[in-house]
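Encoded as structure tokens, the structure appears first; notes follow it.
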Amino acid sequence: MGDTARRLAATHTLTHGRNVSLLERIRETSLRLDPIVHPEIEGFWAGLRERELRVQVCSRCGTYRFPFAPVCFNCRSFDATWEVISPSGTVASAVTVHRATGEQVWASHVPFVSALVDLEHGLRLPGRILCSCGEAASRGARVRAVVLAAEGAVDVHGFAHSCIAPVS
Ligand SMILES: [Zn+2]
Ligand SMILES: [Zn+2]
């Protein structure tokens, strides 16, 4: 196990288990495109359906594989499981998207904030930031992963600032 894997495993021990709460669900009403759910990373999407944030961990050496991959980049094992991690994190960098390019379905979402979030687990995940007060668009702002649920659409993850209230 390398240093990074050891560090992540240690952090994981702190955040795994009963301390990990279900992700909050945020209802999204604007139309959006569904992500392509590849079978090799289905575990991540299955987690969101259960309102959990799951990451892929190598069954042989314990490395957290991110980006998710069919084979371990540390020991080349094909075996992996999906483990629940804490949804808390801080914004590493953020940009505000003002104009939809490409698929025009996104025009109904602008302006929105897209960011990289450093999870307390140790991984850095990209995602949209939901914030109505504007504070979460800056580096260091604390956010939590949430499920963006829409009628008839695949649940996706995003991050919410404390100014955003969940729905039941
Ligand atoms: Zn491995
Ligand atoms: Zn806010």
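The values are calculated or read from the model by the stated rules, or taken from the named source; none is laboratory data. From a predicted model like this one, the values you see are computed outputs, not experimental measurements. Cβ atoms come from the backbone with ideal geometry, glycine included; neighbour counts cover every protein chain shown.
Here are some notes:
- Within the stretch 46-68, the residues that satisfy the criterion of being free of Cβ contacts under 8 Å to residues at least 60 places away in the same chain and farther than 19 Å from Val156 by Cα are Val57, Cys58, Ser59, Arg60, Tyr64, Arg65.
- Selected residue [in a strand (DSSP E or B), more than 16 Å from ligand 1 (Cβ to nearest atom), among the small types (Gly, Ala, Ser) and in contact (Cβ under 8 Å) with a residue 60 or more places away in the chain] from Gly89, Gly127: Gly89
- Residues that are touching a strand residue (DSSP E or B) at 6+ places or on another chain (Cβ under 6 Å) and touching a residue at least 40 places away in the same chain (Cβ under 8 Å), drawn from the stretch 106-118: Ala115, Val117
- Only one of the numbered conditions (1) polar (S, T, N, Q); (2) touching a Gly at 6+ places or on another chain (Cβ under 8 Å); (3) within 16 Å of ligand 2 (Cβ to nearest atom) is not met by Thr96, and that is (2).
- One residue stands out in the stretch 132-168 among those that are among the charged types (D, E, K, R), more than 8 Å from ligand 2 (Cβ to nearest atom) and closer than 18 Å to Ser93 by Cβ: the one that is nearest to the chain's Cα centre (by Cα), namely Arg144.
- Residue in the stretch 99-107 that is within 24 Å of Ala136 (Cβ to Cβ), surrounded by fewer than 15 Cβ atoms within 10 Å (Cβ to Cβ), hydroxyl-bearing (Ser, Thr, Tyr) and in contact with a helix residue (DSSP H, G or I) (Cβ under 7 Å, 6 or more places away or on another chain) present: no
- Of the set (1) assigned to a loop (DSSP other than H, G, I, E, B); (2) within 16 Å of ligand 1 (Cβ to nearest atom); (3) more than 21 Å from Arg144 (Cα to Cα); (4) not basic (Lys, Arg), all apply to Pro67 but (3).
- Residue in the stretch 31-45 that is at pLDDT below 90, part of a helix (DSSP H, G or I) and over 19 Å from Cys72 (Cβ atoms) present: no
- Condition check for Glu28: within 16 Å of ligand 2 (Cβ to nearest atom), surrounded by 13 or more Cβ atoms within 10 Å (Cβ to Cβ) and at pLDDT below 95: no
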